[in-house]
Every structure is written in C-alpha cells, then in structure tokens.
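Values quoted throughout were computed directly from the atomic coordinates according to the rules given, and no laboratory measurement underlies them. The shown structure was predicted, so the numbers you read here are calculated from the model rather than taken from an experiment. Here the Cβ is made from the backbone with ideal geometry for all residues, glycine too, and neighbour counts use every protein chain on show.
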Amino acid sequence: MAQYCPQDIKDPASIAACDPVIDHGPYAKVVFGRDAVQDIGRHLEEFGAVCPAVLCTPTRVSEGEKIASLFGAKAHVVARAVMHTPVEISDAAAAEVTARGSDLLIAIGGGSAIGLGKALVKRTGLKLVAIPTTYSGSEITPTMGQRSNGEKNTERDDRFRPSAIIYDPALTLALPTSASTASGMNALTHAVWTLCASEDEDLRWAAKRAAELFVRALPQIKAEPASYAARAEALYASWLTGYCVSEAKMPLHYRICHALGGAFDTPHAETHAVLLPHTLAFTGPACARAVEELTTIFGGDPAAEIQALVGQLGLPASLAEVGLPEDGIDHIADLVCTVPYPNPRAFDRADVAALLRRAWSGEQARLDDQYA
C-alpha cells in the first residue's frame, strides 16, 4: 500500500465550500480550498522568503504580479515559462533568478510554469512552491521534462517536487474553457493509466475517484465555465491524479506523448486527449480489472466513451489536428522504440506505427482488440 493518500473529501458540495484544509504529505505541504492563496504569506512563512521569484508564462504576468505583491518589494516576476520547457529558456531564467538573489521559487500556472520551476530547482537548488491554475497534476510529481534538439527528455528526482502546493479553485475561473477541458483530459489520462498499471489500492482509489469527478465536472465546465463548484471538483480531482502519476509507473502512452512534444512541439494536454482512446484501445486488453472499472465509470466501452467525451468537450479529434504531419508517423514510431519501455501489453514498432496512424486520422477507438 502507498504510504500516503490525499484527504478524501467525499461530498462534492464540501469540495466547493470548504475553507482551506492543510494536508501534510510526505513531500509537500498542501493547502486546498476557497481563497487559499489570499493567506499565502502565512502558509509559506516557514520558508522565510524575502525575495521570491514568481514564475509564470508571458500571458499570466498579471497573476504573477498579484502573487509577488503579497511578498513585498523584493519579490519579482519571471515570465519566461513556455510549453515543454526548452533548455535555453530554463538557462536564461536561472541566470535571471540568480542575478536577482532569489530565495524561493513560486510557480503560478499550469505545467509550463511548474515545469520551469522544476528546471530551476535543478539549476539553483532553491525550494519550489506551486500554485496550479490548471488540472494537469504535474505539481506533485518528481518528474521534470525538458526539450532540446527536437527531443523531450525526462528526469525523475524527489528534489523536483514542490515543497508546498496551494490549490485555490478561484484561480482556475479565468482559465479559458478549451484550456480547462484539455487540461482536465490530461489529468484524466493519469487516472486511467494508474488503474491499468498499478495494483496499489490507495492509488486505485484515488484514480477512480478522480475519474468519476472529471467525467462529471468537465462537461459542466464546458457548459458553464464560471461554475465554481465544477472548477473545485476538477481541481480536487487533479490533486488526486497528481498523486497517482507521481507514484504509479506510467506506460507507453507517456512515451509517445513526450516523443510528439519533443519532435513536433504538439500541445501537451491536447496530445494526451487525442491519444488516450487509442493507447487504451491497444493496451486495454491486457488490463481486465481496469477496463471493468472504467466501463462502470464511463457507462460503456471506455476507449469509445473517452473519445466521445473528447468530442463533447470540443477538443481536437486527431493527431493531424495537433500538429503531427503524416510523414512524421514513422519518425515518432522510431523514437518511441529506441529504448525498451514498460507497458502492460507488449508492443513493437509496427504496433506503435499502427496506433499512431489511427490516432493521426482520428479513427474510431474501441476495446475489441483492433490490434490483434
């Protein structure tokens, strides 16, 4: 069994209404609840920071400045974060942080800002605080990915985990609907693959709970973007899936996503959403218990139902739509199969190429062993 599991907030109404709860996990102090960020100074006083660097993307400078204003005149914003964390961006940001004498890293945003934070932890040794405004779950993981020379490589080290995480559902209200639903599908991916790849009952509980919440919350966010209750449920679910992806071994799906992002700069969350029905259709036959549980959650063939959910949310339906050229399929298949990679169902290059072609064209995904 896992040594830690996030708090179980059973009642959906409680998720939306709760005052901030503080959860002391083995790696990070987690604060979850309404207006949690407003008391960030008290939550982070243990770090004694006087010159924090607030990391964000160029489009979230105003949010970064609001956080910096809570720490005094020496706090400053480093608005350099971009998707896939290019090495040259991280190097430039590290030089800026060092020159300013920063004593704490605070990342506000999604995977791009938090990914930059992890890259700076490696370069500076500073502690990282994450304030997620999307649902990716990357804030909990010890994994850092960086893009260089057309490839995205990952490293895993507990040093990369944030020392504190502030979950405030109100901060997600400004996230555009398309980004919200794509990010939620990214996190749902973590839940699906945890059920396929792990037998740890705590992890499986978290994955099932998160999947149930996302299936309900994401269509609500699509229909009513200002729904605080739906946003709170999705953010709580992302906490659970972050825990899942942090602890479970993630299979072939992730190797393909990283190859696509590194080689063709495909949008990270949308790539997960497009690919998930197809990777599940391939691997699902080797995951009978997971498929049974997912069938209950989705109300039918999970590969087909997830693909239908992607369509309902208005997200891209094929890898062609997210930037993979048809003549890039073989290149990705080669990259994926360069080194052995764990997966519940064995695969070879031909399997990967067939999977990619189905996903590229947006074919119907179904769990009847199309790859037999």
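Return PHE71, PHE32 ranked ascending by Cβ neighbour count within 10 Å, so the fewest neighbours appear first. The partial results should precede the final answer.
On the way: PHE71 19, PHE32 24.
Ranking PHE71, PHE32 by Cβ neighbours within 10 Å, fewest first, gives PHE71, PHE32.
May I ask you to derive the relative contact order of the chain, considering only C-alpha pairs under 8 Å and at least 6 residues apart, and to give it as an integer percent?
Rounded, it is 15 percent for the chain.
Straight-line reach from LYS29: which lysines have a Cα under 29 Å away, not including same-chain ones fewer than 8 places off?
LYS10, LYS66, LYS74, LYS118, LYS122, LYS127, LYS208, LYS249
Could you tell me the calculated FRET efficiency between ASP23 and ASP327, based on Cβ-Cβ distance and R0 = 51 angstrom, to the nearest 0.05?
On the way: r = 48 Å, r/R0 = 0.94.
The value I calculate is 0.60.
Quote the Stokes-Einstein diffusion coefficient, in whole µm² s⁻¹, for segment 17-111, based on the Kirkwood radius over alpha carbon pairs, a temperature of 10 °C and a viscosity of 1.306 mPa s.
The calculation lands on 111 µm²/s.
Cα gyration tensor of segment 177-361, axes a ≥ b ≥ c as square roots of the eigenvalues: rounded (a/c below 1.5), prolate (a/b > b/c) or oblate?
Here segment 177-361 falls in the oblate category.
Sorted from largest down, give the three principal axis spans of the alpha carbons of the chain, whole angstrom values.
62, 47, 38
Sort GLU201, GLU363, GLU139 by Cβ crowding within 10 Å, fewest neighbours at the top.
GLU201, GLU363, GLU139
What's the ranking of 328-334, 205-211, 173-179 by average number of surrounding C-beta atoms within 10 Å, highest first?
So the order, starting with the most tightly packed, is 205-211, 328-334, 173-179.
Could you line up SER198, SER246, SER361, SER318 from fewest to most neighbouring Cβ atoms inside 10 Å?
SER361, SER318, SER198, SER246
When the Cα centres of segment 277-298 and segment 139-207 are compared, how far apart do they sit, in Å?
Their Cα centres are 20 Å away from one another.
Considering amide H positions built from the backbone, and no H for Pro or chain starts, which residues 5 or more places from LEU55, or on another chain, come under 5 Å of its amide H?
Answer set, sorted by chain and number: VAL78, ILE106, ALA107, ILE108.
With each label point set 7 Å from Cα along the Cα-Cβ vector, what nm distance links VAL82 and GLU46?
3.6 nm
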